[in-house]
Amino acid sequence: PALDGSGRRESGAVLDALCGRFVPPGPSGAPSRGRADCLPTGRNFYSVDVRAVPTKAAWEIGRRSAELLAGRYFQDEGEWPKAIALTVWGTANMRTGGDDIAQALALLGVRPVWEAASGRVTGIEIVPLSELGRPRIDVTLRISGFFRDAFPAQIALFHEAVEAVAERGEPAEANPVAARIAADAERLAAAGLPREEARRTASYRVFGSKPGAYGAGLQALIDEGIWSGRNDLAAAFLEWSAYAYGGGAEGRGARDMLEARLAAVDAIVQNQDNREHDLLDSDDYYQFEGGLAASVETLRGAAPRIFHNDHSRPERPLVRALEEEIARVVRGRAANPKWIAGVMRHGYKGAFEIAATVDYLFAFAATTDAVGHHHFDQLYDAYIEDEAVRGFISQNNPPALREIAARFREAIDRGLWAPRRNSTYRDLAAIAGEAP
């Protein structure tokens, strides 16, 4: 019933707002994450009390996801990860109450402390190694611009946790955080930095774009094709991400410390908190997840493990490798005849969504090793080889069809895709209106 009244309430609220009348407030969030209190919509929504982030519910899923992630890495690699880079977005943490921050704290071996009456976070408590049951993991956060603006208290909380862990007198193999900070502080002090400043700089673990800037810097390069190799994409990402936050640093330029953090990373993690979208219908995923992967590969000379975790069901978080998630999305949505039939009902916009899907798959292939030739084959067969779909795109959005063909050709030119048929390149050239 609440959902049925949403459309009527939204229309009424818009008219009330235009007339200068009062629009009742209401909470925001994802109903698919159990937030039934967000319904009906049509209210002047507010987000969250940032003083209560991470919530106890978010801590539970973040803690469970952290243990599943560490366990998956141990099973695959035969050893515990020492360092992980985690993408943290503001909108996702508003929807979840702080899943990502909770996971980062759990990986460090730290838990939040809440005030009983209000549920607000008052500090952190270090989990003993005997209770943790594994080594602590050095976590570096790449935060979005919106997270920087909306969650300064969580940045400070995480930095406090890092400094607390660094003060523990634990063996280096059990506490790589303390070992790394001590080594970096000594190196910086030897280079002439005052010891207190060296220690503070060595503790930086939160990085993002400079104050007032947003994004990760890859979109223009991918859209315009102005890159030669993966190292070019990494250079752009590092340039846009080289600003430290926390511990008194409010956007301090620290590219050398970011590079030092990423050069030691074993795995990259991106959490997805709902299934209302996927990683091939937004450029943010490839910019942050792919940008991190390209940067780590460039700095350390080897590709890291990349995990794209599913937090859409809080009672059952799932850990998946990026290549597994891409395979699921290509097969389950992008090349699925039911999805294609659905977007074809939307004319010009539907054709645009198809073109965007090809763009984002291409971008993941450019920044990671998670895209296989068969993934491009599946989309080519679904969008170009299928005469009905190609005809739909040609009729409703001819520029989109040319863009799809050009993007497929670029994938071939850059060695990202080897089509099954030799005639594919010539066929694509004809569609794009270019010489083969």
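The values are calculated or read from the model by the stated rules, or taken from the named source; none is laboratory data. Please read all numbers here as calculations on a predicted model, not as lab measurements. Note that each Cβ is placed from the backbone with ideal geometry, even for glycine, and that neighbours are counted across all protein chains shown. Heads up: the accessible areas ignore ligands, DNA and RNA and are worked out on the full protein's heavy atoms, side chains in. Shrake-Rupley method; radii C 1.70, N 1.55, O 1.52, S 1.80 Å.
Report whether or not Gly350 is outside any strand (DSSP E or B), at pLDDT 95 or above and surrounded by fewer than 19 Cβ atoms within 10 Å (Cβ to Cβ). Here the answer is no, as Gly350 does not meet what is asked. Can you work out which of the residues in the stretch 53-88 that are open to solvent by less than 10 Å² (accessible area, probe 1.4 Å) and of a type in the set (Val, Ile, Thr) is farthest from Ser312 (Cα to Cα)? Only one residue fits best here, namely Ile84.
One line per residue, one yes/no per condition, for (1) in contact (Cβ under 8 Å) with a residue 12 or more places away in the chain; (2) open to solvent by 10 Å² or more (accessible area, probe 1.4 Å); (3) under 21 Å from Glu259 (Cα atoms):
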residue: Gly90; (1), (2), (3): yes, no, no
residue: Thr96; (1), (2), (3): yes, yes, no
residue: Val110; (1), (2), (3): yes, no, no
residue: Ala116; (1), (2), (3): no, yes, no
residue: Gln154; (1), (2), (3): yes, no, no
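Any residue at all in the stretch 41-48 that is open to solvent by less than 30 Å² (accessible area, probe 1.4 Å) and among the aliphatic types (A, V, I, L, M)? No - not one qualifying residue is present in the stretch 41-48. Residues in the stretch 34-62 that are farther than 19 Å from Leu86 by Cβ and part of a loop (DSSP other than H, G, I, E, B): Gly34, Arg35, Leu39, Pro40, Thr41, Gly42, Arg43, Ser47, Val48, Asp49.
Conditions (1) closer than 26 Å to Gln154 by Cβ; (2) in contact with a strand residue (DSSP E or B) (Cβ under 6 Å, 6 or more places away or on another chain); (3) surrounded by fewer than 16 Cβ atoms within 10 Å (Cβ to Cβ), marked per residue:
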{"site": "Asn175", "(1), (2), (3)": "yes, no, no"}
{"site": "Ala178", "(1), (2), (3)": "yes, no, no"}
{"site": "Ala191", "(1), (2), (3)": "no, no, yes"}
{"site": "Arg199", "(1), (2), (3)": "yes, no, no"}
{"site": "Ala216", "(1), (2), (3)": "yes, no, no"}
{"site": "Ala220", "(1), (2), (3)": "no, no, yes"}
{"site": "Ser228", "(1), (2), (3)": "no, no, yes"}
{"site": "Ala236", "(1), (2), (3)": "no, no, no"}
{"site": "Trp240", "(1), (2), (3)": "yes, no, no"}
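When Val88, Val127, Val113 are checked against the criterion of being under 26 Å from the mean Cα position of the chain (by Cα) and among the hydrophobic types (A, V, I, L, M, F, W, C), Val88 stands alone in meeting it. The set of residues from the stretch 330-342 being farther than 13 Å from Leu280 by Cβ and open to solvent by less than 30 Å² (accessible area, probe 1.4 Å) comprises Ile340, Gly342. The residues of the stretch 388-436 that are at pLDDT below 95 and outside any helix (DSSP H, G or I), listed by number, are Arg420, Arg421, Asn422, Ser423, Gly433, Glu434, Ala435, Pro436. Among the residues making up the stretch 363-387, those that are open to solvent by less than 40 Å² (accessible area, probe 1.4 Å) and part of a loop (DSSP other than H, G, I, E, B) are Thr368, Ala370, Val371, Gly372.
Cβ-Cβ distances below 7 Å connect the following pairs, each with a first residue in the stretch 5-24 that is surrounded by 12 or more Cβ atoms within 10 Å (Cβ to Cβ), a second residue that is in a helix (DSSP H, G or I), and a separation of six or more residues or different chains: Val23/Ala13; Val23/Asp16; Val23/Ala17.
Look at the stretch 384-399: where a residue is farther than 14 Å from Arg345 by Cα and a partner is assigned to a helix (DSSP H, G or I) and of a type in the set (Lys, Arg), sitting 6+ places away or on another chain with Cβ atoms under 9 Å, you get Ile384/Arg390. Restricting the search to the stretch 242-278, which residues are buried (at least 21 other Cβ atoms within 10 Å of the Cβ), more than 20 Å from Gly98 (Cα to Cα) and of a type in the set (A, V, I, L, M)? If the condition is that a residue be buried (at least 21 other Cβ atoms within 10 Å of the Cβ), more than 20 Å from Gly98 (Cα to Cα) and of a type in the set (A, V, I, L, M), then Ala244, Met257, Leu258, Leu262, Val265, Ala267 are the ones that fit. Taking helices (runs of 4 or more DSSP H) as the structural unit, those lying wholly within the stretch 181-272 and holding at least 3 residues that are touching a residue at least 40 places away in the same chain (Cβ under 8 Å), at negative phi and over 22 Å from the mean Cα position of the chain (by Cα) correspond to 195-202. For the stretch 333-358, the tally of residues that are touching a Lys or Arg at 6+ places or on another chain (Cβ under 6 Å) and closer than 13 Å to Ile404 by Cα stands at 1.
The rows are residues; the columns are (1) farther than 19 Å from Ser241 by Cα; (2) modelled with pLDDT of 95 or more; (3) charged (D, E, K, R).
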{"position": "Gly291", "(1), (2), (3)": "no, yes, no"}
{"position": "Glu297", "(1), (2), (3)": "no, yes, yes"}
{"position": "Ile306", "(1), (2), (3)": "no, yes, no"}
{"position": "Ile326", "(1), (2), (3)": "yes, yes, no"}
{"position": "Ala341", "(1), (2), (3)": "yes, yes, no"}
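Of the helices (runs of 4 or more DSSP H) lying entirely inside the stretch 87-175, those carrying at least 3 residues that are among the β-branched types (Val, Ile, Thr) are 152-166.
Test Ser65 against the stated conditions and say whether it is of a type in the set (Ser, Thr, Tyr), within 25 Å of Ala174 (Cα to Cα) and assigned to a helix (DSSP H, G or I). Answer is yes for this residue.
Report, ordered by the first and then the second residue, all pairs with beta carbons closer than 8 Å, sequence separation of six or more or different chains, a first member in the stretch 302-329 that is within 21 Å of Leu379 (Cα to Cα) and open to solvent by 40 Å² or more (accessible area, probe 1.4 Å), and a second member that is at pLDDT 95 or above and among the basic types (Lys, Arg). That search, which allows pairs on different chains as well, returns Arg328/Arg320.
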